[in-house]
Each structure stands twice: as structure tokens, then as C-alpha cells.
1. What are the pairs with Cβ atoms under 6 angstrom where one residue, in segment 352-380, is farther than 18 Å from A495 by Cα and the other, located anywhere, is open to solvent by 20 Å² or more (accessible area, probe 1.4 Å) and of a type in the set (V, I, T)? Sequence gap at least six, or different chains.
2. Pull up segment 1-45, narrow it to residues that are hydroxyl-bearing (S, T, Y) and out of contact with any Gly (no Cβ under 7 Å at 6 or more places or on another chain), then point me to the one that is least open to solvent (accessible area, probe 1.4 Å).
3. In segment 67-88, which residues are exposed (fewer than 15 other Cβ atoms within 10 Å of the Cβ), not polar (S, T, N, Q) and not in a loop (DSSP other than H, G, I, E, B)?
4. Pick from E172, E181: which is of a type in the set (D, E, K, R), open to solvent by 20 Å² or more (accessible area, probe 1.4 Å) and assigned to a loop (DSSP other than H, G, I, E, B)?
5. Go through segment 108-120 and give me each residue that's touching a Leu at 6+ places or on another chain (Cβ under 9 Å) and either more than 20 Å from R251 (Cβ to Cβ) or surrounded by fewer than 17 Cβ atoms within 10 Å (Cβ to Cβ) (or both).
6. If we keep just the residues of segment 227-264 that are part of a loop (DSSP other than H, G, I, E, B) and of a type in the set (G, A, S), which is most open to solvent (accessible area, probe 1.4 Å)?
7. Does A431 meet the test of being open to solvent by less than 50 Å² (accessible area, probe 1.4 Å), assigned to a helix (DSSP H, G or I) and in contact (Cβ under 8 Å) with a residue 60 or more places away in the chain?
8. Name the single residue that is surrounded by the fewest Cβ atoms within 10 Å (Cβ to Cβ) among those in segment 348-391 being over 24 Å from D666 (Cα atoms) and among the small types (G, A, S).
Amino acid sequence: MTKKLIIDGQEIEVEDHLTLLQACEQAGAEIPRFCYHERLSIAGNCRMCLVEAQGVPKPVASCAMGVSDLPPNRDGSPKQISTKSPLVKKAREGVMEFLLINHPLDCPICDQGGECDLQDQAMAFGMGGSRFHENKRAVEEKNISPLIKTMMTRCIHCTRCVRYMTEVAGVEELGLISRGEDAEITTYLEQGILSEMSANVVDLCPVGALTHRPWAFNARPWEMRKTETIDAMDAVGSAIRVDTRGGAVMRILPRNNDAVNEEWISDKTRHVADGLKIQRLDTPYIRKNGRLEPASWDEALTLVGEKLKAADPTRIGAIAGDLAGAEEMFALKDLFTRLGSKNFDCRQAGDKLDPKLGRASYVFNTTINGIEEADAILIIGSNPRIEAPVLNARIRKRWRTGQLKHIGLIGANAPLTYPVTHLGAGTDTLAEVASGKHSFAQVLRAADKPMIILGQGAFARVDGLAVLALAAQIALSACEGKDAAWNGFNVLHTAAARVAGLDLGFVPAEGGRDAAGILRPDMQVVYLLGADECDLGASGGAFTVYQGSHGDHGAARADVILPGSAYTEKSVTYVNTEGRAQQTIKAAFAPGEAKEDWTIIRALSARAGKTLPYDDLTALRAAMYKTAPQLAAHDTVEARAMSGLGMLAKLSGALSPEPFAAAIEDFYLTNPIARASVVMAGMSALKANAQKSALKAAE
């Protein structure tokens with residue numbers, strides 16, 4: 001239903017379920033607020049959003065009063081709301097005066113300066129002075145997290161941080177203790193916060209009470225250049241903003257994208273920035289007499305080109321890593337195909353996904369936004385909390401509505417941020433659900449919009465293809481006779497590069513070798529495009545070329561190192577786990593002599609005698625879009641019918657009795673950039689110590 005209101009003399013019609021604050025903003029009025037946030041529950045703490053409502057004797061908190069709560073006028077005329085009356089102005093000035101009673105004048109040294117809601121609203125709605133001269137209250141600083149710096153003397157008790165940790169992050173470790181002027185927000189039992197998404201509270205804090213500890217006192221917001229780009233720390237493809245100064249990445253912040261990450265990012269995405277500066281490869285290297293020595297680009301490319309020309313095409317291979325962009329994978333595949341090789345693979349973890357079975361067999365078909373429609377979920381071989389924290393928060397959001405009543409888990413029983421029913425640990429339980437004998441099979445069939453989420457721990461196994469087939473059978477059975485537009489089969493990837501690699505067909509051609517086969521001792525040349533997560537010790541004496549941004553596992557094994565660019569230093573295409581193509585924007589320049597990855601491959605192709613037919617990024621992308629047109633449809637997700645799973649569901653194979661293992665052992669150290677980060681290393685050690693303490697306490 002709708003209701004008519006007159007707001008500042010303008011008559012509008014609004015939905016009656018809205019709050020007065022939302023109705024006023026629809027009318028174009030600016031309503032200040034500190035405690036209200038559209039993604040959190042309503043607290044009504046700060047009272048800054050006061051407005052005057054006809055027939056109400058005193059100003060009302062517009063965030064806490066609904067349009068339907070307004071008493072009707074006797075004559076049936078629309079209610080009049082004023083946001084600019086003298087009464088409202090005086091009330092807001094009084095509220096601001098109270099908020100500043102204890103707030104210290106820290107603006108010259110506060111990291112929030114320049115992007116502080118309190119600063120802005122004090123200027124716009126404050127009175128410019130104070131009648132209070134008493135001593136200000138001080139609060140002892142709390143070390144609540146290595147990522148969050150506190151100055152709780154500045155806190156205005158809006159409780160945004162408390163509500164976020166409880167409602168979104170799902171970790172009830174923050175709250176308000178004591179009363180009156182002794183009230184303060186802190187962690188329970190004086191323990192630190194251990195959540196994969198804790199640092200989002202800094203963005204929510206409207207004052208400088210919570211700031212980024214790793215970034216403290218580094219720069220002011222107006223000193224930095226801001227670039228809107230895409231995250232590559234996981235396969236969610238979160239929208240981020242990279243702030244740079246003098247060519248260096250200073251910090252990473254979230255951008256709003258309701259379809260993907262809303263306005264949250266994981267702590268790894270946010271605080272991996274220091275890893276972009278450490279252990280960088282900034283010049284080519286050639287191994288001489290057992291040691292890597294600096295070399296020129298000409299020398300390094302010539303040596304690699306000669307090795308590729310001299311080798312047997314059946315004994316050269318390429319592996320693409322987890323952070324590789326679509327452009328460099330396309331160029332590398334093109335080069336190796338021209339060299340006569342069929343040995344290339346983007347599935348360094350051993351995934352059994354096959355693009356020949358259709359795109360619906362390897363993407364998150366429901367879409368991330370579609371999680372908010374699910375009423376039953378079966379998670380197989382996955383821990384979304386550490387594999388995709390932002391996606392996990394979306395599952396929790398749906399669970400909190402009360403409409404997601406059943407969440408089953410097959411695999412390692414890990415603490416998630418919502419209650420799950422642990423059905424079993426391995427393929428025997430999966431087969432039982434697929435056959436319809438398990439009670440959860442009936443739960444899925446009874447659901448209107450069931451979801452199956454399959455993780456890397458399930459399909460990156462020897463029997464991965466058989467597991468995929470069983471999951472497809474469960475999805476087809478659960479979705480039979482229901483909404484034709486709903487595809488409940490979902491693959492949750494952990495690597496930003498994986499879906500684009502599958503879209504491009506960066507998998508072995510017929511008769512070619514997969515990643516494990518490429519790393520066998522009989523190979524002559526192995527080309528690693530940022531591949532650091534595979535067993536490089538199995539490659540024997542093969543001549544190994546490593547192209548990447550960091551001196552990680554692959555660089556240590558290499559005979560030639562070609563320094564490439566990190567994801568913040570190039571414009572490339574990533575496709576997230578739901579099949580959404582997105583492009584990064586270059587925010588900084590690569591250090592030293594490092595170059596963009598596709599240009600290295602293009603230069604190498606000339607030395608290998610197979611010059612690639614594109615000299616710029618536009619020409620390369622034009623050729624790439626012919627091979628994979630879906631990569632050209634930026635920020636869109638095509639609908640994929642359940643019928644696309646038919647080929648996969650018909651497959652069969654022997655199942656291993658081994659339980660599904662965790663795909664990620666350490667959330668903070670999953671890729672070369674994260675392993676180079678001092679902040680991530682500290683968080684990893686803290687998490688490990690906390691787990692040891694928990695085990696001792698349990699004993």
C-alpha cells in the first residue's frame with residue numbers, strides 16, 4: 001500500500017512500509033544520521049535524524065518511525081513533515097552539541113579526517129560552539145584486533161559496529177558494557193575479534209573511534225588517487241576502490257555492488273595491500289650455475305624462445321595460476337597452440353571441471369544475489385566462510401530472514417556463521433542423498449528454490465567428475481517441476497582466474513596433458529603463468545619459466561623469471577564464480593622493469609617464431625571475444641537452464657571413500673600476494689594461536 005505525505009511542501013506518495021527517513025530522502029531532503037544504516041537493524045541511538053511531524057508534539061527520530069506509524073489527520077489530508085523548520089534546526093544543533101561533549105579535538109591527527117561523518121555533519125548541522133566546559137571523558141584504548149585501531153574516547157555509541165558484527169559478520173564478539181558515562185563498546189572477555197570480515201566496521205564507524213591499524217598515519221584521503229576496480233583475492237569479484245599515492249597502493253576499500261558484494265569486503269581483500277610492495281619481481285632473472293641472476297629482457301626472452309623452438313611440442317606445457325587475467329591466458333593458449341602443443345591447464349588445483357560439459361556445469365548458476373531467494377541449501381565439500389566470506393555473509397543474511405530453514409553440509413564440519421546440519425563427511429552421504437534415501441533429499445524436493453553449493457574440496461579430487469555428476473543429479477531432482485528460471489546447481493570457486501580460464505578453453509586439447517601431466521619429469525619446458533599452488537617438485541629437470549609478480553614457490557623453482565604485474569597494475573578481465581565478467585582498471589605501475597603480462601607473451605611469441613597477430617590490448621580483446629563472447633558482456637550474468645546439466649548428470653565413475661577435505665587451510669595465505677603480506681602473516685599466526693588455545697581448552 002502507498003501513503004501520501006507532504007514533505008517540505010512537496011506532496012509525494014510512498015510505500016507505507018518505509019521509514020520517515022527513507023520517505024524524506026525520496027522527496028530529496030537530506031537527513032543527517034549516525035546510527036542508521038540501510039543494511040543494519042534500526043537502533044535509534046543518535047537522534048540526529050530528527051524531523052517535525054504534523055500532530056506530534058516533539059521532533060521524531062525519522063529512522064525509527066515508519067510512515068504507517070503516523071497518526072492520520074482527522075480530515076484525511078496528507079501528513080505534513082518538515083525537515084528544515086526552526087524546531088528541527090534547534091533540535092539537531094542540540095543533539096550535535098551533546099555528541100561533542102566528550103569528543104576530543106583530534107581532527108589534525110585522526111585518520112578519519114577528511115572522510116568523517118561527524119566532521120561533515122558538525123559543519124552542516126551544528127551550532128558552531130558549545131555551552132559545556134566540563135572535562136571530557138576518556139576511555140582506555142582497547143586492542144580488539146590487529147586490523148582495527150581504536151580510540152574509543154571518540155565513540156558516540158551509535159552501535160553500528162556492534163550490529164554489523166552480530167548481524168552481518170555473524171561473530172558476536174563486540175558489545176556495549178556498563179551504563180551512563182561509563183558505557184563503552186568493547187569485546188567480550190577482553191579477547192580480540194577473529195572474523196574474516198571484521199574490518200568493515202571501520203567503514204561503518206561515523207567518527208574516528210575505529211580506524212585501520214595497518215594504515216595508521218600513512219596518508220590523508222585527499223592526497224590519494226582513487227581507482228575503481230575489481231578484487232582478485234577470491235572468486236567473488238568484489239567491487240573495490242584502490243587508493244594510491246606516488247605510484248604505491250596505500251589502501252583498498254569496498255565499493256557498493258548490490259549484485260555481488262553489497263558494500264562489504266573480506267579482511268584479506270582490504271589489508272593485502274602491503275603484499276603488493278613486498279617480495280616483488282622487478283627484473284628478469286636467468287638461472288646460471290644454480291643461482292638466479294638478473295638479466296635483460298632481450299636475454300631472457302631470447303633464451304625462452306629458443307627453448308620453446310627446440311623442444312618437442314608434445315613435451316612443452318603451460319599452467320595458469322589463480323590470479324591470471326583472461327587476456328594473458330588467451331595469449332598464452334594462442335602461443336602454445338601455434339607451437340603445436342596441446343598441454344595447457346588453468347586448473348592447477350586438480351579440478352575435474354570440463355568446459356565441454358557446458359557453462360552451467362562450472363559456475364554459480366543461482367547467482368550471488370539469488371541466494372536471497374533460496375529456502376534450502378546443501379553445501380558439499382566447501383567452507384564458504386573462508387573460501388568466499390562475502391558470499392557466506394549473503395547466506396547468513398538470507399538465514400536471518402527466517403525463510404532459509406534448512407542448510408545441510410557434507411564435508412568437514414567447520415563453524416559457519418549460521419546453523420547447519422552436518423549430514424556426513426564424504427561420498428557415501430552424497431550418494432545417499434542422490435539416490436533419494438537420505439532425509440535431506442526430501443527437504444530439497446519440498447523446497448521451492450533449493451540450492452546445491454559445490455566447493456573445490458569436492459571436485460578437485462581423483463573422483464571429482466563423479467562427485468560433480470552426483471551433485472548435478474541432486475540438483476535436477478530437487479528442481480524438477482519448479483520455476484524453470486531457477487538453476488540450483490552452483491560451483492563455488494576459490495580462484496579469481498578459474499572461470500575465465502574455463503571459458504577460454506584453457507584446458508588440455510584432445511590428447512593433451514592436464515596440470516599434473518605437465519609437471520611430470522619427462523617434460524622439456526614448463527611455463528608457469530603465476531602458478532604457485534601446484535606440486536612443482538614433480539616436474540623433474542624440465543626447463544621452467546615463471547611469469548608472475550611475486551617471488552613465491554614458482555619463482556624459486558624457475559630457470560627463467562619474467563616479472564609481470566599484479567591485479568592492481570593492469571587492465572584485465574576476471575570472471576567471478578557466477579560467470580560475471582568484470583574488468584580491472586590500472587591503479588598503479590608495476591615496479592622496476594616488470595611489464596603487463598600479455599605484452600610479455602606477445603614479445604615472447606616473436607622470439608619463438610610464432611608472432612601473435614595483435615599488437616595492442618584492443619586487438620587482443622577483439623580476438624578473445626570471438627573465442628569467448630561471454631567475456632564481452634561485462635557485469636552481466638546470463639540465465640542458464642537446468643537442462644544444461646544433462647550431460648554432466650549422465651556421467652558416472654568410481655567414488656573414493658575419502659572424506660571431503662578443506663580446499664583452503666589458511667584463509668590469510670592463499671596466494672603469492674597474501675603470502676608476501678606482513679599483515680596477513682600476522683593474522684595467520686594469530687588465528688593459529690587461537691585455534692591451539694581452543695584445542696587445549698577443549699582437552
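The values are calculated or read from the model by the stated rules, or taken from the named source; none is laboratory data. Please read these numbers as outputs of a predicted model, since none were measured by experiment. Cβ: placed from backbone, ideal geometry, glycine included. Neighbour counts: every protein chain shown. In case anyone asks, the SASA skips ligands and DNA or RNA and just uses the protein heavy atoms, side chains included. Shrake-Rupley method; radii C 1.70, N 1.55, O 1.52, S 1.80 Å.
1. A376/V443
2. Residue satisfying both the conditions and the ranking: Y36.
3. D69, P86, L87
4. On inspection, the qualifying residue turns out to be E172.
5. L118
6. By that ranking, first place goes to G246.
7. Values: open to solvent by less than 50 Å² (accessible area, probe 1.4 Å): yes; assigned to a helix (DSSP H, G or I): yes; in contact (Cβ under 8 Å) with a residue 60 or more places away in the chain: yes.
When the stated conditions are applied, A431 passes them.
8. Per the criteria, the residue is G358.
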